[in-house]
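Novice: Questions regarding the structure given below will be posed in turn.
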Amino acid sequence: MAPINKVQILAYYYPQKCTKSSWLFAWATNLLMVYSFCFATSLPVNASEEQCQNCHQAQHKDWQASHHAKAMQVADRTTVLAPFNGEIANHPDTRSKYFQQNGKFFATLYEGSAPVAGETYEVVFTFGFTPLQQYLVKTQQGKLQVLPFAWDSRSASQGGQRWFHMYPQQSVPIGDRLHWQSSLQNWNGMCADCHSDGLVRNYQVQTDSFNSQYNNVTLGCNSCHDNLADNHASSPAKSTSPHGSDYQNFVHSEAITPDFPGANFAAMQNCFACHSLRTPLTDGFRSDVDFYDQFQPELPSPGTYYADGQVKEEVYVFGSFLQSKMYQAGVTCFHCHDAHSYQVKQQDNGLCLSCHSEELNSQRHHGHQADSSGAQCINCHMPQTLYMGVDNRRDHSFSIPRPELTKEYNIPNACNRCHEDKSAQWALQHIPQGNASTRPLSADERTYIRLMSAQPIDQSMFHALLSATDFPAIKKAAVLAQLPMLVNELPDSFLPLLKQAASSQEPLMRIGAAKASAAVRPKQRVALLMPLLNDSKKAVRTEAVLHLAGLPLSDAQIPRFTEVMEELLAVRELSAWRAEGRTNLANSYAQMGQFSKAEELAQQTIFIDPHFAPAYLQLAEIYRELGKNDDAQQLFIQAVKTLPDHAPMRFAFGMHYIRQQKPLLALSEFEQALRITPHDDYYIYVYLLALEKAQGRQKAKTRLTELLRNMPNSTLLGHLLQQWQ
């Protein structure tokens with residue numbers, strides 16, 4: 001990275017021309033600010049923003065009013081919104097005092113309820129600005145952490161102008177995964193790449209440390225226009241887009257007429273880089289590199305989305321928008337949002353009516369008084385969900401309110417989000433006839449909802465859904481990804497469909513096919529996935545090699561497998577700063593038979609994050625593979641002491657005792673698992689088999705009869721009772 005001189009630094013803060021003859025005075029009067037930024041953080045800035053704004057003043061002015069411009073800022077009196085005048089914020093597990101000293105901002109944190117000395121941290125950066133602002137402090141090993149209390153920057157009339165804890169209803173003691181010093185509250189890994197230009201994490205696995213660098217403290221021109229300034233200066237008329245001049249023209253066009261395949265996706269790749277739930281495939285990302293070469297997107301799943309595709313958890317926009325009819329029609333972010341301020345182009349229904357019929361703005365359609373809240377298109381088709389305590393975000397799947405799905409599947413609908421005191425049946429009866437909400441769902445939509453609700457479907461329905469030409473590719477890919485969770489082994493009749501998906505032009509379908517291969521027999525899986533190791537997209541290659549690990553390959557196949565596996569290992573090292581990533585890395589080594597390396601990584605994971613249960617389960621399995629039964633037992637003792645109410649851990653400990661021929665000890669752990677999860681019929685089934693072995697069938701049968709009273713519909717337990725008759 002080229003060094004930045006003092007004149008460039010000041011030019012960043014002073015947009016006017018900054019010459020060598022004038023820099024000394026400015027440097028002297030702003031020494032504290034520049035020192036805090038350049039030396040205290042050891043992170044350089046990018047001074048090229050001035051080059052852009054000199055010519056593109058209107059765009060720069062729009063950008064200054066955007067969230068991007070204030071995504072992250074050096075903490076000073078112009079950027080810090082909270083008072084920092086000695087306020088004290090309280091939570092059952094911690095309290096904080098906020099104050100200023102010599103022009104700097106500090107927070108003293110007191111952990112727990114006992115009267116212990118607090119630890120004081122300097123706030124070095126602000127994070128965001130509305131509807132909340134968070135604050136970053138340095139800890140150790142190059143880490144910046146987000147303080148546990150945020151400032152509600154809304155007006156007092158809206159309930160703002162106050163400190164609030166990010167997890168007000170939860171206990172978050174030291175060591176908890178949500179504690180502010182944990183990896184899940186770490187700036188370098190969790191947040192940095194979407195809040196600063198040119199961010200590189202530079203994470204070191206062995207030392208669990210960061211040497212993160214960036215080009216610009218916040219999100220500026222280079223976030224969307226990498227290398228544009230240099231190329232533009234030499235040849236202003238030349239398109240620098242990797243997608244060619246058609247792409248450049250499309251981005252700035254109001255017409256919804258994609259002139260090449262994937263045009264609207266290409267136009268939004270820069271947006272999706274941050275506005276998506278995804279795993280990074282590179283250390284930092286660039287706007288001139290393909291999305292699927294830099295990210296592995298998270299597909300819709302029952303844990304993060306409702307069965308119809310509405311957002312449930314904090315999944316951002318990619319997954320919902322790609323499900324929408326808007327996306328299928330060629331709409332992009334820029335048809336509704338300004339490209340530099342990112343604000344919507346109109347605040348009322350006029351924005352929607354720029355494409356849709358005026359008829360949809362009538363009471364015949366929406367059933368509400370004109371200009372009322374219920375008459376606003378976005379309130380019915382983009383319902384809000386509250387995240388981070390005060391941040392309402394709109395669903396971009398543009399779904400149609402379906403009260404009948406609330407009745408059948410407990411899926412929320414926009415009508416009852418407003419009319420909370422009414423039933424879904426009431427909403428259904430009050431929707432005007434002829435409204436899209438009264439039309440029957442398509443067969444494919446019904447199939448998708450059943451699958452995402454873990455309900456059985458017949459094979460013909462599944463085939464029809466995957467073969468549908470008008471069904472969103474991301475939903476088809478999500479269905480493919482769910483298959484291994486629904487069946488242990490797919491019949492051979494599914495293979496043609498998987499092969500078709502694996503050869504699709506849509507990368508999401510190829511990713512879905514790779515995920516579905518986990519339910520395919522090894523020989524067929526190898527045949528399905530080997531071609532994907534040569535895929536042009538890194539996201540597809542690394543997903544495919546993940547499901548090939550541990551399978552028998554021919555001598556001719558091993559070299560390419562090894563190359564792509566190296567790619568996957570490098571990718572997984574990027575995320576090893578958090579327990580999930582390090583566990584995935586350990587799992588990759590275990591799949592390749594490198595158990596010593598896997599053991600080392602699993603042990604490190606437990607040391608770094610002792611409350612991450614999967615790390616214990618993984619290490620216990622590694623010990624089992626290595627025949628280290630005593631080590632496994634000591635590990636389980638440590639695990640249940642740290643996580644006494646984790647049912648899978650108790651169950652795994654019981655299974656360990658079963659393998660050691662100690663059924664009485666196993667029973668004790670199984671009973672603990674059932675104390676925590678009393679209605680898991682598989683846990684009950686295994687417990688009863690252990691009870692039969694330890695105390696005889698009659699005792700086990702009596703206990704089974706008792707349990708069946710509370711679970712009369714359990715097929716598994718009913719089958720066991722028939723066996724014991």
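Novice: Out of everything in the range 113-133 that is β-branched (V, I, T) and in a strand (DSSP E or B), what residue ends up being farthest from the chain's Cα centre (by Cα)?
Specialist: That would be T120.
Novice: Could you please tell me which pairs satisfy a Cβ distance under 7 Å, a separation of 6+ or placement on different chains, a first residue in the range 382-393 that is assigned by TED's automatic domain parsing to the domain that holds C415, and a second residue that is of a type in the set (A, V, I, L, M, F, W, C) and surrounded by fewer than 16 Cβ atoms within 10 Å (Cβ to Cβ)?
Specialist: N392/L386
Novice: Taking the range 468-498 only, how many residues are closer than 24 Å to Y292 by Cα and surrounded by fewer than 15 Cβ atoms within 10 Å (Cβ to Cβ)?
Specialist: 2
Novice: Still on this model: Do we have any residue at all in the range 415-436 that's crowded, with 16+ Cβ neighbours inside 10 Å, among the small types (G, A, S) and out of contact with any Lys or Arg (no Cβ under 9 Å at 6 or more places or on another chain)?
Specialist: So far as the range 415-436 goes, yes, one or more of its residues are crowded, with 16+ Cβ neighbours inside 10 Å, among the small types (G, A, S) and out of contact with any Lys or Arg (no Cβ under 9 Å at 6 or more places or on another chain).
Novice: Would you be able to say whether some residue in the range 327-347 is free of Cβ contacts under 8 Å to residues at least 40 places away in the same chain, among the polar types (S, T, N, Q) and closer than 26 Å to A436 by Cα?
Specialist: Yes: one or more hits.
Novice: Here's a follow-up. Are there any pairs, at least 6 apart or on different chains, whose C-beta atoms fall under 6 Å, with the first in the range 672-683 and farther than 18 Å from K641 by Cα and the second at pLDDT below 95 and buried (at least 16 other Cβ atoms within 10 Å of the Cβ), and if so, which?
Specialist: Pairs that qualify, where the first residue is farther than 18 Å from K641 by Cα and the partner is at pLDDT below 95 and buried (at least 16 other Cβ atoms within 10 Å of the Cβ), are D681/S714; D681/L717.
Novice: Continuing with this model, one more query. Going by what's in this entry, would K537 be described as touching a Pro at 6+ places or on another chain (Cβ under 7 Å), surrounded by fewer than 24 Cβ atoms within 10 Å (Cβ to Cβ), modelled with pLDDT of 95 or more and of a type in the set (K, R)?
Specialist: The answer is yes for K537.
Novice: On the basis of being closer than 19 Å to L495 by Cα and in contact (Cβ under 8 Å) with a residue 12 or more places away in the chain, does V540 make the cut?
Specialist: yes
Novice: If you don't mind, there's one more thing I want to ask. Would you call A666 over 30 Å from H719 (Cβ atoms), at pLDDT 95 or above, part of a helix (DSSP H, G or I) and small (G, A, S)?
Specialist: no
Novice: With surrounded by 17 or more Cβ atoms within 10 Å (Cβ to Cβ), within 30 Å of V200 (Cβ to Cβ), of a type outside the set (A, V, I, L, M) and without any contact (Cβ under 8 Å) to a residue 40 or more places away in the chain as the only criterion, which of Y616, Y589 stands out?
Specialist: Y589
Novice: If you don't mind, another one. Give just the number: which of (1) surrounded by fewer than 21 Cβ atoms within 10 Å (Cβ to Cβ); (2) among the polar types (S, T, N, Q); (3) within 21 Å of the chain's Cα centre (by Cα) does Q323 not satisfy?
Specialist: It is condition (1) that Q323 fails.
Novice: Has the range 176-183 got any residue that is within 24 Å of C271 (Cβ to Cβ), touching a Leu at 6+ places or on another chain (Cβ under 8 Å) and part of a loop (DSSP other than H, G, I, E, B)?
Specialist: no
Novice: Kindly check whether there is at least one residue in the range 191-207 that is of a type in the set (F, W, Y) and under 24 Å from I88 (Cβ atoms).
Specialist: There is no residue in the range 191-207 that is of a type in the set (F, W, Y) and under 24 Å from I88 (Cβ atoms).
Novice: Please report, ordered by residue number, the strands (runs of 3 or more DSSP E) entirely within the range 42-112 with at least 2 residues that are of a type outside the set (D, E) and under 28 Å from the mean Cα position of the chain (by Cα).
Specialist: It comes to 72-74.
Novice: What's the total number of residues in the range 696-712 that are over 13 Å from D681 (Cα atoms) and either touching a Gly at 6+ places or on another chain (Cβ under 7 Å) or in contact (Cβ under 8 Å) with a residue 24 or more places away in the chain (or both)?
Specialist: The qualifying residues number 2.
Novice: Still on this structure, please answer the following. Restricting the search to the range 289-311, which residues are over 15 Å from I474 (Cβ atoms) and within 12 Å of the chain's Cα centre (by Cα)?
Specialist: The one that is over 15 Å from I474 (Cβ atoms) and within 12 Å of the chain's Cα centre (by Cα): G303.
Novice: Quick check: is even one residue across the range 231-238 modelled with pLDDT of 90 or more and either part of a loop (DSSP other than H, G, I, E, B) or among the charged types (D, E, K, R) (or both)?
Specialist: no
Novice: So, one more: Need the failing condition index for E314 against (1) under 21 Å from the mean Cα position of the chain (by Cα); (2) free of Cβ contacts under 8 Å to residues at least 24 places away in the same chain; (3) surrounded by fewer than 17 Cβ atoms within 10 Å (Cβ to Cβ), just the number.
Specialist: The failed condition is (2).
Novice: Against the conditions (1) out of contact with any Asp or Glu (no Cβ under 8 Å at 6 or more places or on another chain); (2) over 27 Å from Y616 (Cα atoms), where does S714 fall short? Just the number, please.
Specialist: Status for S714: all satisfied but (1).
Novice: Filter the range 119-166 down to residues that are surrounded by 15 or more Cβ atoms within 10 Å (Cβ to Cβ) and small (G, A, S) and give me whichever is farthest from N186 (Cα to Cα).
Specialist: Once the filter is applied, the top-ranked residue is G160.
Novice: Of all residues in the range 437-450, how many are outside any helix (DSSP H, G or I), surrounded by 13 or more Cβ atoms within 10 Å (Cβ to Cβ) and either touching a residue at least 24 places away in the same chain (Cβ under 8 Å) or over 32 Å from the mean Cα position of the chain (by Cα) (or both)?
Specialist: Here the count works out to 1.
Novice: Restricting attention to the range 63-75, does a residue exist that is surrounded by fewer than 19 Cβ atoms within 10 Å (Cβ to Cβ), at pLDDT 95 or above and charged (D, E, K, R)?
Specialist: No; the residues of the range 63-75 include none that is surrounded by fewer than 19 Cβ atoms within 10 Å (Cβ to Cβ), at pLDDT 95 or above and charged (D, E, K, R).
The values are calculated or read from the model by the stated rules, or taken from the named source; none is laboratory data. The shown structure was predicted, so the numbers you read here are calculated from the model rather than taken from an experiment. Note that each Cβ is placed from the backbone with ideal geometry, even for glycine, and that neighbours are counted across all protein chains shown.
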